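Below: the structure, in structure tokens.
The values are calculated or read from the model by the stated rules, or taken from the named source; none is laboratory data. Values in this document were obtained by computation on a predicted structure and should not be read as measured data. Here the Cβ positions follow ideal geometry from the backbone for every residue, glycine too, while neighbour counts run over all protein chains shown. For the accessible areas, the whole protein counts, side chains as well, though only heavy atoms, and no ligand, DNA or RNA atoms are used. Shrake-Rupley method; radii C 1.70, N 1.55, O 1.52, S 1.80 Å.
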Amino acid sequence: MHSTHSDGTDTPSRLVELASEAGLAAIALTDHDTTTGVAEAMEAGRQKGLRVLSGVEITCEYGGKSMDMLGFCFDSGAAELQKQLDRIQQGRRERNLEIIGKLDALGFDITYDEVAAEADKTDGKIVGRPHFATVMIRKGIVTERQEAFDKYLAEGGAAYVQKLAVSPGECTAMIRNAGGVAVLAHPKLVRFPAGEDIDSLLTNLKNAGLEGLECYYSLHSEEETTCYLELAKKYELLVTGGSDYHGGNKPEIKVGTGMGNLRVPVECADKLEARARR
Ligand code: AMP
Ligand code: ZN
């Protein structure tokens, strides 16, 4: 789940409340490039009797394409991890300024402060493209969020700027060195570099330190889930699952159930925790 510490619209404590109300046995907070919400989520979890796993979602670059890597069950106080996340956050600030430059060249009057103010409304230090989309809708540049991404913000869009390139190996090392487990996020959304397929990708990522595959995901069909579960078995990867809940920034995704039929077995959390204790 994503909180106000990145591009979600609920605070970490509120996420714990929502998850308890939904009857979930465990959650992981996986904000983009930051773990600043983890302590609050864990404390709220202790109070509500809900298991909360530490988590993070880091974008890495593989063969010129960006890809999301999840980390779970690490020590969020680990100094080296925080140092690396700081570096990534600095890269993100520079990228955001480049996006502003591109939008300006396209004739749109949007300032960095306006976009950052969207993140501040929550308590986000992490400014991301969803915040740009919100400002673009408010200014009437686009009528809806998806249009902002398709025309401007997504890869191939007129104002797209790639994030600081972190390799999959750097990413898995950051997570592993902090005691955690590195997992490939939502394989359905992976865009393959030329000549690569899911088998070569998983082989290469496993060699780079990957330990799990997000088989259960809001946008995976039953057939896709089955296919990813088989791949996890084939490559001896842990099975994980997530809704990618972002609150109002992805209103179609519900807590726990995703688009309606998501159900992540609690064994996923058990196995992640067991692996992290290795
Ligand atoms: P950022 O952290 O700035 O790269 O933004 C990442 C977030 O933007 C994701 O978590 C999604 O919420 C959203 N996003 C990225 N690509 C798209 C897309 N093609 N369509 C809609 N939303 C997207
Ligand atoms: Zn997000």
Within the stretch 116-142, track down each residue that is modelled with pLDDT of 95 or more, surrounded by fewer than 19 Cβ atoms within 10 Å (Cβ to Cβ) and away from ligand 1 (no atom under 14 Å from the Cβ).
Arg138, Lys139, Gly140
Search the stretch 4-18 for residues being within 16 Å of ligand 1 (Cβ to nearest atom) and assigned to a loop (DSSP other than H, G, I, E, B), and hand back the single one that is modelled with the highest pLDDT.
Asp10
Please determine, by comparing only the residues of the stretch 52-78 that are surrounded by fewer than 17 Cβ atoms within 10 Å (Cβ to Cβ) and farther than 22 Å from Leu272 by Cα, which one is farthest from ligand 1 (Cβ to nearest atom).
Gly63
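How many residues are more than 22 Å from Met69 (Cα to Cα) and not small (Gly, Ala, Ser) if we restrict to the stretch 12-32? Steps first, please.
Within the stretch 12-32, the subset more than 22 Å from Met69 (Cα to Cα) is 13-14, 16-25.
Of the ones still in play, those that are also not small (Gly, Ala, Ser) are 14, 16-18, 21, 24.
Qualifying residue count, the stretch 12-32: 6.
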Inside the stretch 197-216, can you point out the residues that are open to solvent by 10 Å² or more (accessible area, probe 1.4 Å) and in a loop (DSSP other than H, G, I, E, B)?
Asp197, Ala208, Gly209, Glu211
Here is a list of conditions, (1) open to solvent by less than 30 Å² (accessible area, probe 1.4 Å); (2) within 11 Å of ligand 1 (Cβ to nearest atom); (3) under 27 Å from Pro12 (Cβ atoms); (4) part of a loop (DSSP other than H, G, I, E, B), and Val166 meets all of them except one; can you say which number that is?
(2)
Just to be sure I understand, how many residues within the stretch 21-51 are crowded, with 18+ Cβ neighbours inside 10 Å and under 14 Å from Tyr245 (Cβ atoms)?
9
(1) assigned to a helix (DSSP H, G or I); (2) open to solvent by less than 40 Å² (accessible area, probe 1.4 Å); (3) within 12 Å of ligand 1 (Cβ to nearest atom): which one isn't true of Leu103, the others all being true?
(3)
Give me the pairs: first residue in the stretch 38-64 and within 16 Å of ligand 2 (Cβ to nearest atom), second residue among the basic types (Lys, Arg), beta-carbon distance under 7 Å, and six or more apart or on different chains, which are they?
Thr59/Lys163
